[in-house]
Amino acid sequence: MGFYGTLKMIFYKMKRKLDHGPEVRSFPSGKKPCPSPTGLLFPATPTTFRDIRAVNGQGQQRRRITSIQPPTGLQEWLRTFQSWSGPEKLLALDELIDSCEPTQVKHMMQVIEPQFQRDFISLLPRELALHVLSFLEPKDLLQAAQTCRYWRILAEDNLLWREKCKEEGIDEPLHIKRRKVIKPGFTHSPWKSAYIRQHRIDTNWRRGDLKSPKVLKGHDDHVITCLQFCGNCIVSGSDDNTLKVWSAVTGKCLRTLVGHTGGVWSSQMRDNIIISGSTDRTLKVWNAETGECIHTLYGHTSTVRCMHLHEKRVVSGSRDATLRVWDIETGQCLHVLMGHVAAVRCVQYDGRRVVSGAYDFMVKVWDPETETCLHTLQGHTNRVYSLQVNRDIHVRPPDTHALKVLLSFLFIHFMSSVSQSLTICLISGSFLHLLSGPHKHQSAVTCLQFNKNFVITSSDDGTVKLWDLRTGEFIRNLVTLESGGSGGVVWRIRASNTKLVCAVGSRNGTEETKLLVLDFDVDMK
């Protein structure tokens, strides 16, 4: 229920009490109602409009008409009115209002309306007032803060906004130096600032002006095969045998990692550690700050095509049909997982389970400690090219050209004939959303990213599209290459809360190989 809906409900209840008369409170034998300071007994609820004005402290504030004498018979008329029942009084008032001129009705409204415009929040103890406000949505809290100064102070409560931020998945407060002070001792809520910032960032993604992206060039005309984005650091791998480390802030290439003797086809990154896999059948562990190769991991007998890093362990998948679990601190191979009968193309690891997809059309779930396959997911009639696992969402592709997003264990598979549309459905398989329609991709989907609000997709058609995760609606194109449709391709995308990195190029020379960095952050100074 919104802010004004809450107010309407409260006023409605007040009106019902007046419509149906006072509540009669019975007292046990031997007990009496507490007397007022004046010694008079007041009922539990007001019985007349005069009582309401008295409770509001306005008993003597209404301006009375003193220019004329009371008409003859007024008191008798009032006594007659008081003798009628509630329904009879309502009928009489209806007839009286119908008989009044507009100026007389306006006079009644001026007398009556202020008595129902009570600031009930200000009358409550602070703790109760904050409890009432806690039921409001964040947007309604922002609106309530504009009511008056006291409501503004209440609506700035830091603990109140901390809970609202937790509900929205915001983990850190935002401290901003402000000059304007509402009253001595007043402090702006860092959690409220964090919520406002996130709301503005989401708005920028949806409809903010698309500024010219930063362009990062460095791999000449080679294909960018893998892309990582962590903090303000971007790492791109290429079939030119190198990886490049870039600053997402300045767009400068910080260093080039040289050491592989074959194309780099997979990579992972955490903090200042980079792991890469190559057609030279090795993995390398790098220091991103110095460019030093810390370890070279030997064991695979073919191209290292995929990998996934969790804490100090990385799981690699190879065209030799095996997966290997490595300790990146020691460089030791801890476990070998065998069971696929064709190249392993994709892998995910959460520290407890390994999930892999391969060219044998299978998806397997492994216990790496015992090196056993717990589940084999069969049914696909084509190669499994990609998957993604999340605690809350599983995405799995069907055998058609559609790509399905399943809520609970997120598997995303891109087949050789990758879909031009995306389908979101429940884990049970029931259909939710089809990310398609007139705005669907015109060629194969190459990559996908998502967060709690959006799905971001890239394609061989040279576009990056933004979709609403909850409704499945197309929002807008974030990137549209001029060479799209004639060879321009978006190979890879990576997104953070505020930035989108796209690896673009072409297979026929129509689009230069480069990285595009789009920024959706806001300045909260």
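Please list Lys452, Lys499, Lys211 in order of solvent-accessible area, largest first, computed with a 1.4 Å probe with all protein chains present. List each step's numbers first, then the result.
Details: Lys452 85, Lys499 25, Lys211 155 Å².
The ranking, largest first, comes out as Lys211, Lys452, Lys499.
Calculate what fraction, in whole %, of the accessible area of region 123-262 sits on carbon and sulfur atoms when a 1.4 Å probe is rolled over the protein chains. Before the final figure, lay out the partial values.
Numbers: 4010 of 8050 Å².
Result for region 123-262: 50 percent of the exposed heavy-atom area is carbon or sulfur.
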query = Taking a 1.4 Å probe, which of Glu156, Glu101 shows the most accessible area, and what order do the others take after it?
reply = Glu101, Glu156
key: Accessible area (Å², 1.4 Å probe, nearest 10) - Cys230   = 50
key: Amide hydrogen neighbours beyond the local backbone of Thr282, cut-off 5 Å, H modeled   = Val304
key: Amide proton proximity set for Cys447, modelled H, under 5 Å, gap of 5+   = Ser458
remark   = Under the rule rounded for a/c under 1.5, else prolate if a/b exceeds b/c, else oblate, using alpha carbon gyration tensor axes a ≥ b ≥ c, region 275-346 is classed as prolate
key: aspartates and glutamates whose Cα lies under 15 Å from that of Lys440, excluding same-chain neighbours fewer than 8 positions away   = Asp460, Asp461, Asp468, Glu473
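What length, rounded to one decimal in nm, is gained on full extension from Arg470 through to Thr498, with 0.36 nm per residue of separation minus their alpha-carbon distance?
Extra length from Arg470 to Thr498 when fully extended: 8.1 nm.
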task = Take the Cα of Asp239, step 7 Å along the line toward its Cβ, and report every residue of region 290-304 whose backbone nitrogen sits under 16 Å from that point.
result = 303-304
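If DNA, RNA and ligands are ignored and the probe is 1.4 Å, what is the ranking of Arg470, Arg162, Arg345 by accessible area, most exposed first? Don't jump to the answer; show the numbers that get you there.
Values: Arg470 155, Arg162 85, Arg345 40 Å².
Per-residue accessible area, sorted high to low, gives Arg470, Arg162, Arg345.
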remark   = Taking placed amide H atoms and a strict 5 Å upper bound, the residues 5 or more places from Arg255 or on another chain that come that close are Val245
query = Can you give the FRET efficiency for Gln332 and Asp220, using 1/(1 + (r/R0)^6), R0 = 30 Å, r = Cβ-Cβ distance, to the nearest 0.05?
reply = 0.25
note = If the chain between Glu289 and Gln115 were fully extended at 0.36 nm per residue, the gain over the current Cα-Cα distance would be 55.7 nm
request  = Round to the nearest 10 and report in Å² the accessible area of Asp350, as given by a 1.4 Å probe over the protein chains' heavy atoms.
outcome  = 80
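Using 1/(1 + (r/R0)^6) with R0 = 25 angstrom and r between the beta carbons of Leu123 and Leu159, what's the FRET efficiency to the nearest 0.05?
The pair Leu123/Leu159 has a calculated efficiency of 0.70.
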request  = Step through the table entries Lys244/Lys514; Lys217/Lys244; Lys166/Lys211; Lys192/Lys452, compare each Cα-Cα distance with 22 Å, and write down the pairs that go over it.
outcome  = Lys166/Lys211
ask   = Once all Cα-Cα distances of region 194-312 are split into 10 Å bins that start at 0, what whole-number percent is in each one?
value = 13, 40, 27, 14, 5, 0
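With +1 on the Cβ of every Lys and Arg and -1 on the Cβ of every Asp and Glu, and nothing else charged, how large is the dipole of region 450-523 about its Cα centre, in debye rounded to the nearest 20?
My answer is approximately 280 debye.
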ask   = How large, in percent, is the carbon and sulfur part of the accessible surface of region 445-525 at a probe radius of 1.4 Å?
value = 43
message = Compute the distance from the alpha-carbon center of region 309-356 to that of region 66-93, in whole Å.
response = 89
query = Quick one: how many Å² of Ser483 are accessible to a 1.4 Å probe, rounded to 10?
reply = 10
inquiry  = Residue by residue through region 109-126, what is 3J(HN,Hα) from phi via Karplus (6.51 cos²θ - 1.76 cosθ + 1.60, θ = phi - 60°)? Round to whole Hz and write x for glycine and proline.
reply    = 5, 5, 7, 7, 4, x, 6, 9, 9, 9, 7, 5, 5, 5, 7, 8, x, 3
Net charge contributed by nearby residues that have their C-beta within less than 10 Å of Thr296 (K/R +1, D/E -1) = 0
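The values are calculated or read from the model by the stated rules, or taken from the named source; none is laboratory data. Quick caveat: nothing in here was measured; it's all calculated off a predicted structure. FYI the Cβ positions are ideal-geometry reconstructions off the backbone, even for glycines, and counts take in every protein chain you see. Protein only, heavy atoms only, side chains kept; ligands, DNA and RNA dropped before computing areas. Shrake-Rupley method; radii C 1.70, N 1.55, O 1.52, S 1.80 Å.
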